[in-house]
Amino acid sequence: MCVVGLAALSVSLPIAWISLAKVLLFVLGLGYLIASSWQKRQDTALHQLWTTRVLLGALLLFAISLLWTEADLVGALSSFVKHAKLMGILLIVSLIRSAKEARLAVLLYAAGQAFLLLSSWMLFVGIPVPWVADTATGYVVFSTYLDQSIMFATAAAVFWHLRHDGLWPKWAGIAAAVLALINALLLLEGRTGYLVALTSLSLGLMWAMPKRLRLATLVTAPLLVLLGLSLGSAQVQERVTKIFKESQDYAKTERAGVESSSGWRLNAWHRSLQAIQEKPLGGHGVGAWTPAIKRLEGSTAAQLFGEGNHSNPHQEYLLWGVELGLGGLLLFIAIFVCMARDALSFPLPIRHATLSVLAAMAVACLFNSTLYDDWIGDFFCVSLGLLMALGARSKTDSPARNPMPIEGVA
């Protein structure tokens, strides 16, 4: 439990803490699973999750693709390790043995996010923050504005939905959720963070409405909020306008605008689709995104994607498609489907929190290689691991409790 607690706290701390917690989690977690298998102790909660099957299947497919990967062995193994962080979700579920332990771990996670949020707001009001080495980064504490905006937008949903689960006072959950959303939307400038914040806000508003109004709320809420932000915030207006301008610059000719953020992404996505078309069945193998795309790019590849083979398409779906083919792309989507299916059996507050984090991750993966990246990928894996453990252990520890009704996506 100490290892899980460290992992829960680490995602709100510098990358060194995340790396340490991840190593301990994998070493002790895998050791625990091996010992349990040797002693024939079966974890009913873990085995009942569809998430267990699909994640193990994905990691097995990545491992098998080492047989045909176009990447060198070191690069392929390095990429496999990055993908293998998904195993952390299952390790967290397995190491948490009761609902009480799960609640404690979620409290530590929330305390870490609250500390991070408070530090960012202290920077905003001009209060010195000794643990922030570089104040030139604006209101970013440890990571980047992109990571932090996505983290706050996602954590806001956890604070909001679990206010009904008794983990913290309702007023504290509401206050933290509001401060996190404002921080992501108005203080930081991550455009993916804006979309994740709109997703969390829209789902929260949808579930607060009567059933007959939920679909209309889900459609209109993000449009109205985005319109209001565009009119009331010069920063949001500038960032949104920049997306359209950079996209138009890239569309003018095949090479125009590649040096911009949006243009780079569009070019990387175009090359990714070409790579998938080359090998739609088995893909190019784990770690082979950069070699495949550089070959397609030609003479300007090093200038665009850097030296070595450590780049990525800033789009998780296409990354899986290039490395594992169309089957890998479908498998990645299946991960979301299976996690959502498992979440539908959780108590209502945990269900909504889990589905919100899943939706946030699905949106973030459209514009970044979110799970592949070290910082934000660890954040999502720990977040989902804790929520899956809380939901699964709450079911097994309370067999007499009436199950919550499953109402579609609610």
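The values are calculated or read from the model by the stated rules, or taken from the named source; none is laboratory data. Given the structure is predicted, the values throughout are model-derived calculations rather than measurements. Note that we place each Cβ from the backbone using ideal geometry, even for glycine, and neighbour counts take in every protein chain shown. These accessible areas exclude ligands, DNA and RNA; they are computed on the full protein's heavy atoms, side chains included. Shrake-Rupley method; radii C 1.70, N 1.55, O 1.52, S 1.80 Å.
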- Query: With the stretch 64-180 as the region, which helices (runs of 4 or more DSSP H) entirely inside it contain at least 2 residues that are aromatic (F, W, Y) and under 21 Å from Y194 (Cβ atoms)?
  - Reply: 99-125, 145-161
- Query: What residue, of L223, L229, is open to solvent by 20 Å² or more (accessible area, probe 1.4 Å), at pLDDT below 80 and more than 30 Å from L66 (Cβ to Cβ)?
  - Reply: L229
- Message: If I filter the stretch 373-388 for residues that are over 18 Å from M87 (Cβ atoms), out of contact with any strand residue (DSSP E or B) (no Cβ under 7 Å at 6 or more places or on another chain) and touching a residue at least 40 places away in the same chain (Cβ under 8 Å), do I get at least one hit?
- Response: no
- Examine the stretch 3-18 for a residue that is open to solvent by 10 Å² or more (accessible area, probe 1.4 Å) and under 28 Å from G328 (Cα atoms), and state whether such a residue exists. no
- K40: passes all of (1) surrounded by fewer than 22 Cβ atoms within 10 Å (Cβ to Cβ); (2) part of a helix (DSSP H, G or I) but (2)
- Looking for whichever is without any contact (Cβ under 8 Å) to a residue 40 or more places away in the chain and either closer than 19 Å to L384 by Cβ or in contact with a strand residue (DSSP E or B) (Cβ under 8 Å, 6 or more places away or on another chain) (or both) here; the options are A216, A153, A177, A221. Which one fits? A177
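Could you say which residue among L330, L326, L348 is farther than 23 Å from L146 by Cα, without any contact (Cβ under 8 Å) to a residue 24 or more places away in the chain and open to solvent by 30 Å² or more (accessible area, probe 1.4 Å)?
L330
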- Message: Can you name every one of the helices (runs of 4 or more DSSP H) wholly within the stretch 255-315 that holds 3 or more residues which are at pLDDT below 90 and small (G, A, S)?
- Response: 261-278
- Exactly one of L167, L201, L179 is open to solvent by less than 60 Å² (accessible area, probe 1.4 Å) and under 21 Å from the mean Cα position of the chain (by Cα), and that one is L201
- Task: Please specify each residue of the stretch 306-350 satisfying the condition of being in contact with a Lys or Arg (Cβ under 6 Å, 6 or more places away or on another chain) and of a type in the set (A, V, I, L, M, F, W, C).
- Result: A343
